[in-house]
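Working notes for the structure below.
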Ligand code: AMP
């Protein structure tokens, strides 16, 4: 069964065609600069030459057509007929309180996704455009929405309610939702496999450290707390986002500095975090390079990043009454030993101890990085959100095909 996985952003679409029977990737690719005259298609068919083309890609509909045509291309394609695509799995960022699980996309589900536009103004309508565009090109093919927020719907009210007047939650849905759910779910499952224990007997802390960063406390298979909140701005320090902040700073910036809301929004989301502190870059590779050159602001950015992360690790261990496993994943979590080392430093009193050699050697691959004396197992696990989307999609399609369902 071939499942096409789509992740539609504002100006880019990432895709993967997965053979779910053996979980192999048949082709993957990316379409960037949608809306521009110099759009870029990068296509990686398995066992064939990778290609990159620059062309005009004016909207999501055109981009999706180019993607499907490329999958069917006699030279670079991997399928002979559109009918070989059994189903499409879509990453949808926000499912609000409606979606605690992945869902087959129906007209009702589409209306519910639209209802969440206000909650995720930067994401949901692009995800939605992708759904509508490919429905036209692959008529009759079932579609499944896999939400970034749904894994966190198990959080108890004391985790997700802000200490604001309760009416803000009732009237406007102002609460913590959390994001990166598919990634946290994937690496937690993988960690349970690695220690050969059922997920529902483990306390796991998963650290997704990419350009966006979040950390989740997973107690007996359920997310009980996560650092991103009403939006992905809360929590850890990120590439360009500030994470946790005294909300009075926003009031100060409006009333004293006279900044307009759009400027404050851009400051908090696009010019803060590693980039804002260092004045160098949002990319951890460049921060580390400058740390090695003795740059003090780069060092400060790294120290703030890892200190915040360490506080969250300790807090989440506290929230669960301990932890059995810590996982590092995503671009920074998988590739930067210094971040893993600094964020676990001085946590030996909690049974958390990294093996420095193993840590240095574990880059862009799966591996255990804890010391043999560490009570808590520490792993680096490359994330695979697309596989979770493909698995959920296949599961829903198979259930739908069962007689009597
Ligand atoms: P992601 O959002 O998971 O793609 O992660 C993107 C971030 O991961 C980048 O902004 C970099 O800071 C970091 N990153 C990715 N690859 C590396 C690497 N090889 N070494 C250090 N940092 C990396």
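Looking at the stretch 367-375, can you tell me whether even one residue there is within 16 Å of the ligand (Cβ to nearest atom), crowded, with 21+ Cβ neighbours inside 10 Å and within 22 Å of the chain's Cα centre (by Cα)? Walk me through how you get there before you give the answer.
Taking the stretch 367-375 first, the residues within 16 Å of the ligand (Cβ to nearest atom) are 367, 369.
With the extra rule that they be crowded, with 21+ Cβ neighbours inside 10 Å, the set shrinks to 369.
This time we only want the ones that are within 22 Å of the chain's Cα centre (by Cα), so: none.
Looking for residues that are within 16 Å of the ligand (Cβ to nearest atom), crowded, with 21+ Cβ neighbours inside 10 Å and within 22 Å of the chain's Cα centre (by Cα), one finds none in the stretch 367-375, hence no.
Which condition breaks for residue 113 when tested against (1) assigned to a helix (DSSP H, G or I); (2) surrounded by 20 or more Cβ atoms within 10 Å (Cβ to Cβ); (3) in contact (Cβ under 8 Å) with a residue 40 or more places away in the chain?
(3)
What single numbered condition from (1) buried (at least 17 other Cβ atoms within 10 Å of the Cβ); (2) more than 14 Å from the ligand (Cβ to nearest atom); (3) closer than 15 Å to residue 339 by Cα fails to hold for residue 253?
(3)
Just give me the residues in the stretch 313-325 being more than 21 Å from residue 373 (Cβ to Cβ) and either touching a residue at least 40 places away in the same chain (Cβ under 8 Å) or buried (at least 19 other Cβ atoms within 10 Å of the Cβ) (or both), in sequence order. Lay out the reasoning, then the answer.
Start the filter on the stretch 313-325 by keeping residues that are more than 21 Å from residue 373 (Cβ to Cβ), which leaves 315-316, 318-321.
Within the stretch 313-325, 316, 319, 320, 321 meet the criteria.
Do you know which residues across the stretch 326-345 are touching a residue at least 40 places away in the same chain (Cβ under 8 Å), away from the ligand (no atom under 11 Å from the Cβ) and surrounded by fewer than 24 Cβ atoms within 10 Å (Cβ to Cβ)?
Residue satisfying the conditions is 342 alone.
Identify, from the list 227, 214, the residue that is at pLDDT 95 or above, touching a strand residue (DSSP E or B) at 6+ places or on another chain (Cβ under 9 Å), within 16 Å of the ligand (Cβ to nearest atom) and over 29 Å from residue 4 (Cβ atoms).
Working: 214 fails: over 29 Å from residue 4 (Cβ atoms).
Testing whether each residue is at pLDDT 95 or above, touching a strand residue (DSSP E or B) at 6+ places or on another chain (Cβ under 9 Å), within 16 Å of the ligand (Cβ to nearest atom) and over 29 Å from residue 4 (Cβ atoms) leaves just 227.
At least 3 residues that are over 26 Å from residue 149 (Cα atoms) in each: list the strands (runs of 3 or more DSSP E) lying fully within the stretch 35-102 that qualify.
Result: 36-45, 51-57.
Can you name every residue in the stretch 155-171 that is in contact (Cβ under 8 Å) with a residue 60 or more places away in the chain and surrounded by 16 or more Cβ atoms within 10 Å (Cβ to Cβ)? Let's see the steps before the verdict.
Step one: of the stretch 155-171, the residues in contact (Cβ under 8 Å) with a residue 60 or more places away in the chain are 155-156, 159, 162.
Passing the criteria: 155, 159.
Consider the stretch 357-391. How many of its residues are more than 19 Å from residue 313 (Cα to Cα) and part of a helix (DSSP H, G or I)?
Number of matching residues: 11.
Given the structure, is residue 379 closer than 30 Å to residue 30 by Cα, modelled with pLDDT of 95 or more and either crowded, with 22+ Cβ neighbours inside 10 Å or more than 16 Å from the ligand (Cβ to nearest atom) (or both)? Can you show your working first?
Details: closer than 30 Å to residue 30 by Cα: yes; modelled with pLDDT of 95 or more: yes; either crowded, with 22+ Cβ neighbours inside 10 Å or more than 16 Å from the ligand (Cβ to nearest atom) (or both): yes.
Taking the combined requirement at face value, the residue satisfies it.
Can you say whether residue 219 is closer than 19 Å to residue 174 by Cβ, in contact with a strand residue (DSSP E or B) (Cβ under 7 Å, 6 or more places away or on another chain) and away from the ligand (no atom under 15 Å from the Cβ), as far as the supplied structure shows?
Working: closer than 19 Å to residue 174 by Cβ: no; in contact with a strand residue (DSSP E or B) (Cβ under 7 Å, 6 or more places away or on another chain): yes; away from the ligand (no atom under 15 Å from the Cβ): yes.
Spelling it out, it is not the case that residue 219 is closer than 19 Å to residue 174 by Cβ, in contact with a strand residue (DSSP E or B) (Cβ under 7 Å, 6 or more places away or on another chain) and away from the ligand (no atom under 15 Å from the Cβ).
Of all residues in the stretch 239-250, how many are more than 25 Å from the chain's Cα centre (by Cα) and within 16 Å of the ligand (Cβ to nearest atom)?
Result for the stretch 239-250: 0.
Going through the stretch 267-302 one residue at a time, which ones are in a helix (DSSP H, G or I), buried (at least 17 other Cβ atoms within 10 Å of the Cβ) and within 12 Å of the ligand (Cβ to nearest atom)?
Correct list: 273, 274, 275, 278, 284, 287, 288, 291, 301, 302.
When you look at residue 174, is it in contact (Cβ under 8 Å) with a residue 12 or more places away in the chain, surrounded by fewer than 24 Cβ atoms within 10 Å (Cβ to Cβ) and under 19 Å from residue 118 (Cα atoms), yes or no? Lay out the reasoning, then the answer.
Values: in contact (Cβ under 8 Å) with a residue 12 or more places away in the chain: yes; surrounded by fewer than 24 Cβ atoms within 10 Å (Cβ to Cβ): yes; under 19 Å from residue 118 (Cα atoms): yes.
Against the criterion (in contact (Cβ under 8 Å) with a residue 12 or more places away in the chain, surrounded by fewer than 24 Cβ atoms within 10 Å (Cβ to Cβ) and under 19 Å from residue 118 (Cα atoms)), residue 174 qualifies.
Assuming residue 390 fulfils every condition listed in (1) loosely packed, with under 15 Cβ neighbours inside 10 Å; (2) under 19 Å from residue 183 (Cβ atoms); (3) away from the ligand (no atom under 16 Å from the Cβ) apart from one, which condition is it?
(1)
Please go through (1) in a loop (DSSP other than H, G, I, E, B); (2) in contact (Cβ under 8 Å) with a residue 60 or more places away in the chain; (3) closer than 28 Å to residue 395 by Cα; (4) out of contact with any strand residue (DSSP E or B) (no Cβ under 7 Å at 6 or more places or on another chain) for residue 10 and return the number of the only condition it doesn't satisfy.
Checking residue 10 against (1) in a loop (DSSP other than H, G, I, E, B); (2) in contact (Cβ under 8 Å) with a residue 60 or more places away in the chain; (3) closer than 28 Å to residue 395 by Cα; (4) out of contact with any strand residue (DSSP E or B) (no Cβ under 7 Å at 6 or more places or on another chain), the one that fails is (3).
Six or more apart or on different chains, Cβ atoms under 8 Å: show the pairs whose first residue is in the stretch 378-394 and closer than 14 Å to residue 87 by Cβ and touching a residue at least 24 places away in the same chain (Cβ under 8 Å) and whose second is assigned to a loop (DSSP other than H, G, I, E, B) and within 16 Å of the ligand (Cβ to nearest atom).
Close Cβ pairs satisfying both conditions: none exist.
Among the listed residues 82, 52, which satisfies the condition of being touching a helix residue (DSSP H, G or I) at 6+ places or on another chain (Cβ under 8 Å) and either under 23 Å from residue 26 (Cβ atoms) or surrounded by 16 or more Cβ atoms within 10 Å (Cβ to Cβ) (or both)?
Details: 52 fails: touching a helix residue (DSSP H, G or I) at 6+ places or on another chain (Cβ under 8 Å).
Exactly one residue qualifies, and that residue is 82.
Across the stretch 191-218, what is the total count of residues that are within 16 Å of residue 151 (Cα to Cα) and surrounded by fewer than 20 Cβ atoms within 10 Å (Cβ to Cβ)?
So the count comes out to 3.
The values are calculated or read from the model by the stated rules, or taken from the named source; none is laboratory data. Remember, it's a predicted structure, so these values are computed and weren't measured experimentally. Using ideal geometry, Cβ is built from the backbone for each residue, glycine included, and neighbour counts are taken over all protein chains shown.
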